[in-house]
Amino acid sequence: MKRVLIINGHPDSLSFNQALFNAYKEGASETGAIISEINIAELEFNPNLSHGYRQRTVLEPDLLLSIEKIKAADHIVWIFPVWWYGSPAIMKGFIDRTFLPGIAYQPVKGKPFPKKLFKGKTARIIVTADTPRWYDILFMRSPALNQFKKGTLEFCGMGPVKVLYIAPMKDASQAFLKKQIDKVYRLGRLLK
């Protein structure tokens with residue numbers, strides 16, 4: 001049985017991202033998958049990597065539980081808005097504090113790249129943005145997705161990592177929003 005973890009990186013529990021989170025969860029629930037969830041905004045933790053990598057900052061209970069959920073999952077779904085061509089600060093802090101050496105990757109002495117500790121896990125990124133996808137690709141070169149997909153998830157061994165980019169959110173019609181919720185629900189039903 002597939003173990004699916006759904007992570008909401010939006011700091012507002014009343015956001016459209018929460019509706020997408022709920023839609024994916026509803027679809028995935030119908031498959032019989034074992035589902036766990038993380039709403040990053042509900043966790044109690046210091047988002048700052050206070051000592052960098054020089055010294056491990058003591059992990060709070062919410063982060064320890066989150067790490068166990070990430071390790072246990074076969075498929076991880078990340079839902080977050082793109083703000084200033086990056087992820088929300090709380091989500092970046094969550095990654096900084098949980099994707100640590102010995103947890104997500106293991107440095108190898110004398111080699112430029114680490115051992116990837118999240119091999120065998122697949123991922124789905126669902127992002128919302130005001131910027132149309134063509135502009136994000138052609139003019140900005142997709143900084144948020146490149147950083148998160150390649151520089152974080154694939155760097156630690158997850159793959160394949162698929163992306164759903166939902167935009168533009170600014171002035172989106174109810175029909176557009178419903179279409180996106182239906183699409184995410186179907187992704188949940190397919191566990192993709």
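The values are calculated or read from the model by the stated rules, or taken from the named source; none is laboratory data. Note that the coordinates shown come from a computational prediction; the quantities given were computed from them, not determined experimentally. For neighbour counting, all protein chains shown are included, and Cβ atoms are generated from backbone atoms with ideal geometry for every residue, glycine included.
Against the condition out of contact with any helix residue (DSSP H, G or I) (no Cβ under 8 Å at 6 or more places or on another chain), more than 22 Å from Asn8 (Cα to Cα), of a type outside the set (Val, Ile, Thr) and surrounded by 16 or more Cβ atoms within 10 Å (Cβ to Cβ), how does Leu100 come out, does it pass? Considered against the rule, which asks whether it is out of contact with any helix residue (DSSP H, G or I) (no Cβ under 8 Å at 6 or more places or on another chain), more than 22 Å from Asn8 (Cα to Cα), of a type outside the set (Val, Ile, Thr) and surrounded by 16 or more Cβ atoms within 10 Å (Cβ to Cβ), Leu100 comes out as no. The set of residues from the range 115-142 being surrounded by 16 or more Cβ atoms within 10 Å (Cβ to Cβ), assigned to a loop (DSSP other than H, G, I, E, B), out of contact with any Leu (no Cβ under 8 Å at 6 or more places or on another chain) and touching a residue at least 40 places away in the same chain (Cβ under 8 Å) comprises Leu117, Lys121, Ala129, Thr131. Looking only at the range 64-94, which residues are buried (at least 18 other Cβ atoms within 10 Å of the Cβ), part of a helix (DSSP H, G or I) and aliphatic (A, V, I, L, M)? Matches in the range 64-94: Ile70, Met91.
Here the condition is being out of contact with any His (no Cβ under 8 Å at 6 or more places or on another chain), free of Cβ contacts under 8 Å to residues at least 24 places away in the same chain and not charged (D, E, K, R); of Gly86, Gly102, Gly93, it holds for Gly102 alone. Against the test of being assigned to a helix (DSSP H, G or I) and either out of contact with any Pro (no Cβ under 7 Å at 6 or more places or on another chain) or closer than 19 Å to Ser87 by Cβ (or both), the options Gly27, Gly32 yield a single qualifying residue, Gly27.
State yes or no: is Thr152 closer than 25 Å to His75 by Cβ and either touching a strand residue (DSSP E or B) at 6+ places or on another chain (Cβ under 8 Å) or of a type in the set (Val, Ile, Thr) (or both)? Yes, satisfied. Answer yes if at least one residue in the range 3-21 is part of a strand (DSSP E or B), touching a residue at least 12 places away in the same chain (Cβ under 8 Å), of a type outside the set (Gly, Ala, Ser) and surrounded by fewer than 18 Cβ atoms within 10 Å (Cβ to Cβ), and no otherwise. Scanning the range 3-21, I find at least one residue that is part of a strand (DSSP E or B), touching a residue at least 12 places away in the same chain (Cβ under 8 Å), of a type outside the set (Gly, Ala, Ser) and surrounded by fewer than 18 Cβ atoms within 10 Å (Cβ to Cβ), so the answer is yes. Pairs linking a residue in the range 22-50 that is in contact (Cβ under 8 Å) with a residue 40 or more places away in the chain to a residue that is among the polar types (S, T, N, Q) and surrounded by fewer than 16 Cβ atoms within 10 Å (Cβ to Cβ), with Cβ atoms under 6 Å and 6 or more positions apart or on different chains, do not occur. Considering only residues in the range 143-153 that are in contact with a Gly (Cβ under 8 Å, 6 or more places away or on another chain) and within 19 Å of Lys116 (Cα to Cα), the one that is surrounded by the fewest Cβ atoms within 10 Å (Cβ to Cβ) turns out to be Gln147.
Of everything in the range 49-63 that is more than 17 Å from Asn8 (Cα to Cα), at pLDDT 95 or above and touching a helix residue (DSSP H, G or I) at 6+ places or on another chain (Cβ under 9 Å), the residue that is surrounded by the fewest Cβ atoms within 10 Å (Cβ to Cβ) is Glu60. Taking every residue in the range 59-79 that is more than 22 Å from Leu187 (Cα to Cα) and in contact (Cβ under 8 Å) with a residue 12 or more places away in the chain and pairing it with any residue that is in a helix (DSSP H, G or I) and among the hydrophobic types (A, V, I, L, M, F, W, C), at least 6 positions away or on another chain, the pairs with Cβ-Cβ distances below 9 Å are Leu59/Ile67; Leu63/Phe94; Ser66/Ile40; Ser66/Phe94.
Screening Arg97 on (1) part of a loop (DSSP other than H, G, I, E, B); (2) within 13 Å of Ile40 (Cβ to Cβ); (3) of a type in the set (Lys, Arg) shows it passes everything except condition (1).
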